[in-house]
Amino acid sequence: MSRIGKKPVTIPKGVTASVNGQEVAVKGPKGELKHVLVDDVIAKLEDGSIEVSPREDSQNARAMWGMSRTLISNLMTGVTEGFTRKLEITGVGYRAAVAGSNLQLQLGYSHDVVFPIPQGIQVVCPKPTEIVITGIDKQKVGQVAAEIRKFRPPEPYKGKGVRYAGEYILRKEGKKK
């Protein structure tokens with residue numbers, strides 16, 4: 001039995017939600033999101049909350065039960081508060097800047113890396129070595145952060161590269177004479 005799936009998702013004030021078959025639509029102060037649930041679960045809108053339950057008692061249905069409830073919860077959080085991901089850049093001469101609808105990164109290559117910012121995502125560089133990604137869709141925010149990190153992942157010897165804020169890099173000892 002899913003412990004997370006049993007909890008109903010409460011609808012916060014200022015948010016309207018609707019369940020139409022397998023599609024859950026949520027509209028709030030920050031925007032509008034939709035998600036289509038898998039066929040193994042059923043969502044019901046009841047007195048200010050959405051309840052998710054499995055269709056049958058199969059292992060896959062139970063696995064999708066908790067995940068679907070969390071996805072609906074993320075929709076609620078996204079339209080009310082939004083999601084933020086911070087990246088830190090470490091390395092001499094490494095920096096980032098937002099130029100129009102592109103993120104320009106200097107990461108030690110012979111050329112600048114230009115990353116087009118997707119629709120629905122805001123990218124801000126408060127410092128040249130810090131990138132803040134915000135948006136209402138948690139999956140999109142995480143995906144953009146992962147793609148930016150992929151240009152120069154942190155290396156284990158000096159720790160140079162793009163890392164998530166608070167990420168611990170396992171350091172290695174260098175060559176000895």
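Key figures for this structure:
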| read-out | value |
| --- | --- |
| Nearest 10 degrees, 0 to 90: helix 59-80 Cα axis against the chain principal axis | 70 |
| Low-density loop cleavage sites - chymotrypsin sites (Phe, Trp or Tyr not before Pro) in segment 18-117, where at most 16 other Cβ are within 10 Å (DSSP) | Tyr109 |
| Over 22 Å between alpha carbons, listed pairs Lys34/Lys127; Lys127/Lys160; Lys7/Lys138 | Lys34/Lys127 |
| Residue order, fewest to most beta carbons within 10 Å, for Ser110, Ser53 | Ser110, Ser53 |
| Förster radius 35 Å - calculated FRET efficiency between Ser18 and Glu56, Cβ distance, rounded to 0.05 | 0.90 |
| Segment Glu147-Val38, extension gain: residue separation times 0.36 nm, minus the distance between their alpha carbons | 36.6 nm |
| Where only C-alpha atoms are counted, convex hull volume of segment 83-164 per residue in Å³ | 80 |
| Fraction in percent of alpha-carbon pairs per bin - 5 Å, segment 3-80 | 3, 18, 30, 26, 15, 6, 2, 0 |
| Distance histogram for segment 27-154 (every C-alpha pair counted, 5 angstrom bins, percent rounded to whole numbers) | 2, 10, 17, 17, 13, 11, 10, 8, 7, 4, 2, 0 |
| Calculated from backbone phi, Karplus (6.51, -1.76, 1.60) coupling profile of segment 126-143 in Hz, x at Gly/Pro | x, 10, x, 10, 9, 10, 10, 10, 10, x, 9, 9, 4, 5, 5, 4, x, 5 |
| Additional length obtainable on full extension of the chain from Tyr157 to Val92, 0.36 nm per residue less Cα span | 22.0 nm |
| Estimated dipole of the chain in Debye, rounded to 20 [Cβ of Lys and Arg +1, of Asp and Glu -1, Cα centre] | 1120 |
| Helix-only CD estimate at 222 nm, as mean residue ellipticity for the chain, using -39500 (n - 2.57) per DSSP H run (n ≥ 4) | -7000 deg cm²/dmol |
| Taking Glu173, Glu81 and counting other C-beta atoms within 10 Å, the order from fewest to most | Glu173, Glu81 |
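Throughout, read-outs are computed from the coordinates displayed, never taken from laboratory work. What you see is a predicted model; the values in this text were computed from it and never measured. Because the Cβ atoms are built from the backbone with ideal geometry, glycine has one as well, and the counts that use them run over all protein chains shown.
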